[in-house]
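Colleague: Structure provided below as structure tokens; questions to follow.
The values are calculated or read from the model by the stated rules, or taken from the named source; none is laboratory data. The model shown is predicted, which means the values in this text are computed figures rather than measured ones. Heads up, the Cβs are rebuilt from the backbone with ideal geometry, glycines too, and the neighbour counts pull from every protein chain shown. These area figures cover heavy atoms from the full protein model, side chains too; ligands, DNA and RNA do not enter into them. Shrake-Rupley method; radii C 1.70, N 1.55, O 1.52, S 1.80 Å.
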Amino acid sequence: QWEQDELAKKQKEMDDKEREKSEKRRIALQEEAARLKNLQKERQQKQDEIAAEKERLRQLEEEMARKAQEEEMERLKRLKEEERKRRIIIEEQEALEREKQRLA
């Protein structure tokens, strides 16, 4: 009887140790899963931040291109106006020269 009690006691100790070991493994796996979940969440947040920054830069680039185009159009408009005024002045000078020659 004593031997059976000892065997049962040792078996229970082994079972308890195995349960304890399994519990530690389970806890470690849960902790690792939580850590990986947090890493994934952080990674997604970084990707979202990068995407938002790319969009902000794209919009900024579009705005800069639009402004540059508007400035170029305004510059060309001023040049055309200056050329028109220059032509008018030349035509007036030519008309004055013709009138001067006619009167001479």
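Colleague: Select from Gln93, Gln40, Gln59 the residue whose mean-square fluctuation is largest in a Gaussian network model of the chain (Cα-Cα springs shorter than 10 Å).
Modeller: It is Gln93.
Colleague: In addition: I'd like the carbon and sulfur percentage of the solvent accessible area for the chain, probe radius 1.4 Å, heavy atoms only, ligands and nucleic acids excluded. Before the final figure, lay out each step's value.
Modeller: Numbers: 5670 of 10400 Å².
Answer for the chain is 55 percent, counting heavy atoms of protein chains only.
Colleague: How much accessible area per residue does the chain have, in Å², with a 1.4 Å probe? If you can, show how the numbers build up before the last one.
Modeller: On the way: 10400 Å² over 104 residues.
The answer is 100 Å² per residue.
Colleague: Using a cut-off of 28 Å between alpha-carbon atoms, which lysines can reach Lys67, once sequence neighbours fewer than 8 places away in the same chain are excluded?
Modeller: Leaving aside lysines fewer than 8 places away in the same chain, those within reach of Lys67 are Lys54, Lys77, Lys80, Lys85.
Colleague: Considering only Leu60, Gln93, Leu76, whose Cα is most displaced toward the positive end of the charge dipole of the chain, charges sitting on Cβ of Lys, Arg (+1) and Asp, Glu (-1)?
Modeller: Result: Gln93, furthest along the dipole toward the positive end.
Colleague: Now a separate question. Can you give the Rg/Rh ratio of the chain, where Rg is from the C-alpha atoms and Rh is the Kirkwood radius? Could you put the intermediate results ahead of the total?
Modeller: Details: Rg = 44.5 Å, Rh = 23.1 Å.
Taking Rg over the Kirkwood Rh, I get 1.92.
Colleague: While we're here: Under a Cβ-only charge scheme (Lys and Arg +1, Asp and Glu -1), can you give me the dipole magnitude of the range 43-104 about the Cα centre, in debye to the nearest 20?
Modeller: On the way: 18 positive and 19 negative charges, 31 e Å.
Approximately 140 debye in magnitude.
Colleague: Let me ask you something else. Note the angle between two axes, namely the Cα long axis of helix 2-103 and the longest principal axis of the Cα atoms of the chain, as a number of degrees from 0 to 90, rounded to the nearest 10.
Modeller: The angle comes out near 0 degrees.
Colleague: Another question, then. Mind telling me which of Arg19, Arg75, Arg35 comes out most flexible in a GNM of the chain, alpha-carbon contacts under 10 Å?
Modeller: Of Arg19, Arg75, Arg35, the most mobile in the Gaussian network model is Arg19.
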